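Novice: There's a structure below that I have some questions on.
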Amino acid sequence: MPSNIRPLHFVFKISSRTKTIEFYRNVLQMKILRHEEFSEGCDAACNGPYDGKWSKTMIGYGSEDSNFVIELTYNYGIRSYERGNDFNYLKVVSNSVFENIAKKGLSSKLRSDGFYEIQDPDGYTFLVGKGNESLNSISALSLFVTNLQNSKNYWNNVLRGKHNSENSSRVVLGFDYLDFQLELEKSTYEKINHAKAYGRVAFSCPTEELKPLQAEIEKNQLTVLTPYIQLDTPGKATVSVVILADPDGHEICFVGDKEFRELSQMDPNGEKLLDDAISEDKSDEWHERKNKNK
């Protein structure tokens, strides 16, 4: 099983870059880390089951070398995604974001645990709480599961996540790097439905451990969604990937750490590349005009 697991990012499919980026920039105060455009679908279904033009925007509070971040996947021409019951929330710890939400009077709910609960334009939930320092971070990902024991066995015993705590409704795991937690929450549904908006959580491990990881998963008759593959990004490092699914079908992407560190370096031109792509993409304007004419 992999050693030195490093949490990287969670993938959201988004329907409008204009509205979504405004929320992440102005409400959550995140920064564009890099932006990439692709002319056809990803061989590892990075953009979902779509073959057309798409883009990837990495956004967060700092370099992916030392922060858990978000990947915003935009498929040109896709205006909505059916939401399932798989994703619970991402947790943000930030004094400035907490105060920003309070000051702007945004549509949110202050929970009894002191966290603001707020949704992005696609309905993905964020919990925002105060921290002890001026640092901002995404501190936890929460996913719904149907059977806590099965999920604990998979994430703790198979993938070697570090068991932090548990109760009758939740198991909390940590990893080798980052002050980041995976929270597995007992669902009230009998089955997890990933629908069309399903996400994917990504980790890195030593590249040489990817093939043995796949072999061990197959040996235990667990699910490999995408066997070992190498993905090219023009002008950047080629990254080795294996994609798994846990007992509830949550997608888990493992990438080779060395090459991914090269690929994921912050791009000083990322902000401009994204803004230019949004400016050239007239789909938001077209749909607004269409809705007005109805």
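Novice: Tell me which aspartates and glutamates have Cα within less than 16 Å of residue 186's Cα, excluding those fewer than 8 residues away on the same chain?
Specialist: In chain and number order, the partners are 86, 166, 246, 248.
Novice: With a sphere of radius 11 Å drawn around the Cβ of residue 271, what net charge do the other residues whose Cβ falls strictly inside it have (Lys, Arg +1; Asp, Glu -1)?
Specialist: Details: positive: 25, 31, 34, 272; negative: 267, 275, 276.
Net of charged neighbours comes to +1.
Novice: Run the numbers for residue 195 and residue 149: contour at 0.36 nm per residue of separation, minus the present Cα-Cα distance, in nm. Mind dumping the intermediate values first?
Specialist: On the way: separation 46, 0.36 × 46 = 16.56 nm, distance 2.40 nm.
Gain on stretching residue 195 to residue 149: 14.2 nm.
Novice: Starting from the Cα of residue 236, draw a straight line to each of the lysines and keep only those under 22 Å, dropping any in the same chain fewer than 8 residues away.
Specialist: Output for residue 236: 31, 53, 56, 258, 272.
Novice: Restricting to DSSP loop positions (anything but H, G, I, E, B) with no more than 11 other Cβ atoms inside 10 Å of their own Cβ, which GluC sites (Glu not before Pro) remain in the stretch 174-283? Could the numbers behind the result be given before it?
Specialist: On the way: sites: 183, 185, 190, 208, 209, 216, 218, 251, 259, 262, 271, 280; in loops: 190.
Passing both the DSSP loop test and the Cβ count: 190.
Novice: Once R0 is set to 51 Å, what does the formula 1/(1 + (r/R0)^6) return for the Cβ-Cβ distance between residue 168 and residue 80, expressed as a FRET efficiency to the nearest 0.05? Before the final figure, lay out each step's value.
Specialist: On the way: r = 36 Å, r/R0 = 0.70.
Efficiency, from the Cβ-Cβ distance: 0.90.
Novice: Another one. Among 230, 29, 149, determine the one that fluctuates most according to a GNM of the chain built with springs between C-alpha atoms less than 10 Å apart.
Specialist: In this elastic network of the chain, the residue with the biggest mean-square fluctuation among 230, 29, 149 is 149.
Novice: Next question. What 222 nm value per residue comes from the helices of the chain, counting each DSSP H run with n ≥ 4 as -39,500 (n - 2.57) and dividing by all residues, nearest 500 deg cm²/dmol? Spell out each step's value before the answer.
Specialist: Working: 7 runs with 63 residues, N = 294.
Rounded to the nearest 500, the figure is -6000 deg cm²/dmol.
Novice: Quick one: if you stick a label point 7 Å off each Cα along the C-beta vector at residue 275 and residue 107, how many nm between them?
Specialist: 2.8 nm
Novice: To continue, here is another question. I'd like the distance between the alpha-carbon centres of the stretch 14-53 and the stretch 64-124, rounded to an integer number of Å.
Specialist: 15 Å
Novice: Are there trypsin sites (Lys or Arg not before Pro) in the stretch 1-106 that DSSP puts in a loop and that have at most 14 other Cβ atoms within 10 Å, and which ones?
Specialist: Values: sites: 13, 17, 19, 25, 31, 34, 53, 56, 79, 83, 91, 103, 104; in loops: 53, 79, 83.
Filter output for the stretch 1-106: 79.
Novice: When only C-alpha pairs under 8 Å and at least 6 residues apart count, what is the relative contact order of the chain, in percent?
Specialist: Numbers: 624 pairs, mean separation 65.6, N = 294.
Rounded, it is 22 percent for the chain.
Novice: While we're here: For residue 228 paired with residue 18, estimate the spin-label separation in nm (one decimal), with each label point 7 Å from Cα along the Cα-to-Cβ line.
Specialist: Output for this residue pair reads 4.6 nm.
Novice: Looking at the chain, which Cys residues are left with no other cysteine's beta carbon under 4.7 Å from theirs?
Specialist: Cysteines of the chain left without a disulfide-compatible partner: 205, 253.
Novice: On to the next question. Which net charge results for the neighbourhood of residue 85, defined as the other residues with beta-carbon distances under 14 angstrom from its beta-carbon, given Lys and Arg at +1 and Asp and Glu at -1?
Specialist: On the way: positive: 83, 186, 191, 196; negative: 82, 86, 185, 190, 248.
The answer is -1.
Novice: Using only the Cα atoms of the stretch 1-145, what are the Rg and Dmax in Å?
Specialist: 15.6, 47
Novice: How much length, in nm to one decimal, is gained on full extension between residue 215 and residue 237, taken as 0.36 nm per residue of separation minus their Cα-Cα distance?
Specialist: Stretched out fully, the residue 215 to residue 237 stretch lengthens by 5.4 nm.
Every read-out reported here was derived from the displayed coordinates using simple, explicitly stated rules and does not represent laboratory data. None of these values were measured; they are calculated from a predicted model. So basically every Cβ, Gly included, is an ideal-geometry build from the backbone, and we count neighbours across all protein chains shown.
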